[in-house]
Amino acid sequence: MRLFLFFLLLLVAAPVAAQSEGFITTDDGVRLFYKVEGSGPQTLVVVHGGPGFSLESVRADFAPLARNRRVIYYDQRGNGRSSLIEDPAKLALPRHVADLEAVRRHFRLEKMTLIGNSWGGLLISFYAVAHPDRIERLILDVPASPTRGLMREMSAGIGTRAREWLSAADRDRLRDLFLPRTWLEARDPVAACNTFGRLILRIYAFDPAADPPFHGSLCAGPPDVVRRSLWVNNMIVDSLGEYDLRAEVRRVRAPVLVIHGVSDVIPLASSRVWAASYPDARLLLMRRSGHLAHVQESAAFFSAIETFLAGRWPAGAETVTSGSEAAP
């Protein structure tokens, strides 16, 4: 009897990943697909990378986040199972900021704790600038750069990494796949996307000799949406203009954790600028990671996030003095 009660207590205490999904309709008629996992007193909103990927690019590998809390994922407009978008004006940055506000309102969140992966780190920073009073905490996970100049350095870094880590044939294939028309004209856009994903994940690795243990999908969604993925990416990036968020993020008073892999194609200076620009931010360097810290050092990554979400700075997170890194 005692043994039975012991196992019953274990079952009661074990976290259960409650799942639900649905759509949010925005004020301009776009339907945003969302998925909710986990349960608990805390809510975390996940903003995926790209632009042009979907929530499935991170959901499988972010599963530990839902052990003790509710985690909300959504497909950004034009991606995944959200509405297919053909009008470039509907893909501009202000619409994405408004979509994240629509997510907040739909789930009746007074304030949001957000984690943004890669491009998602830049997007949640634009949102925080627009709605600083709606931010509880921010996690910038290997974030895209805070200035257009540093984003150009990132693009140059991808080219350098491709030359160093890929064969000539793979470099030629990747160069072709960086053209939106290749996807738009492809007989099988999902196959083209999978080839692109295989090559780009190699560039995102820490060790060129080992593929990262990545379980997400960069090519989720209906074929017609996948076909436009790179076009969507270009339209969003073009809409950013010559942006520079260094001064603007100073109005955000919430705590911010910036996570950077030392072998990332995004320059370290970029993440140092993020950490120096937010008033209450620290930088955590992942010593054996590239652009996929959540799978390359998963134990340390999720431990740091749990510590931060519990209200403490994780071990090794450092303060970056303003002005210690220059940004173009």
- Query: Ranking 227, 187, 198 by Cβ neighbours within 10 Å, fewest first, what do you get?
  - Reply: 187, 198, 227
- Query: GNM, the chain, Cα, under 10 Å: largest mean-square fluctuation among 178, 301, 196?
  - Reply: 178
- Note on the structure: Per the rule of 0.36 nm per residue minus the C-alpha distance, extending residue 90 to residue 288 adds in nm 67.4 nm
- Item | Nitroxide proxy distance, nm - points 7 Å out along Cα→Cβ at residue 179 and residue 194 | 2.3 nm
- Message: Quick check for me: using +1 on Lys/Arg Cβ and -1 on Asp/Glu Cβ, what's the dipole size of the range 17-321 about its Cα centre, in debye to the nearest 20?
- Response: 360 debye
- Query: How many nm is it between the label spots at residue 306 and residue 187, if each spot is 7 Å from the Cα in line with the beta carbon?
  - Reply: 5.0 nm
- Here Rg/Rh (Cα, Kirkwood) for the range 168-248 equals 1.04
- Dipole of the chain (Lys/Arg Cβ +1, Asp/Glu Cβ -1, origin at the Cα centre): which of 303, 97, 118 lies farthest to the positive side? 303
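Normalised radius of gyration for the range 249-328, please: alpha carbon Rg relative to 2.2 N^0.38 Å, two decimal places.
My calculation over the Cα atoms of the range 249-328 gives 1.06.
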- Query: Over the chain, what is the percentage of antiparallel beta bridges among all DSSP beta bridges, to the nearest 5?
  - Reply: 35 percent
- If you place +1 on the Cβ of every Lys and Arg, -1 on the Cβ of every Asp and Glu, and leave all else neutral, what size is the dipole of the range 75-179 about its Cα centre, to the nearest 20 Debye? 100 debye
- Item | Förster radius 41 Å - calculated FRET efficiency between residue 253 and residue 21 (Cβ-Cβ, nearest 0.05) | 0.80
- Fewest-first ordering of 231, 119, 313 by Cβ atoms within 10 Å yields 313, 231, 119
- Task: Over all directions, average the projected area of the Cα convex hull of the range 59-203 and note it in nm².
- Result: 10.5 nm²
- Query: Distance in nm between label sites at residue 172 and residue 211, each 7 Å beyond Cα in the beta-carbon direction?
  - Reply: 2.3 nm
- Query: Say R0 is 22 Å: what FRET efficiency, to the nearest 0.05, do residue 299 and residue 164 get from their beta-carbon distance?
  - Reply: 0.20
- Just 167, 277, 303 to compare: in a GNM of the chain, with alpha carbon springs under 10 Å, which one fluctuates most? 167
- Counting Lys and Arg as +1 and Asp and Glu as -1, what is the net charge of the other residues whose Cβ lies under 14 Å from the Cβ of residue 66? +1
- Choose one of 138, 82, 291: the residue whose Cα lies farthest towards the positive end of the charge dipole of the chain (beta-carbon charges +1 Lys, Arg; -1 Asp, Glu; about the Cα centre). 138
- Query: Quick one: Kirkwood hydrodynamic radius for the chain, alpha-carbon pairs, angstrom, one decimal?
  - Reply: 20.2 Å
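Every number in this text was worked out from the coordinates using simple rules, so none of it is lab data. From a predicted model like this one, the values you see are computed outputs, not experimental measurements. Methodologically, a virtual Cβ is constructed for each residue, glycine included, from the backbone with ideal geometry; neighbour enumeration extends over all protein chains shown.
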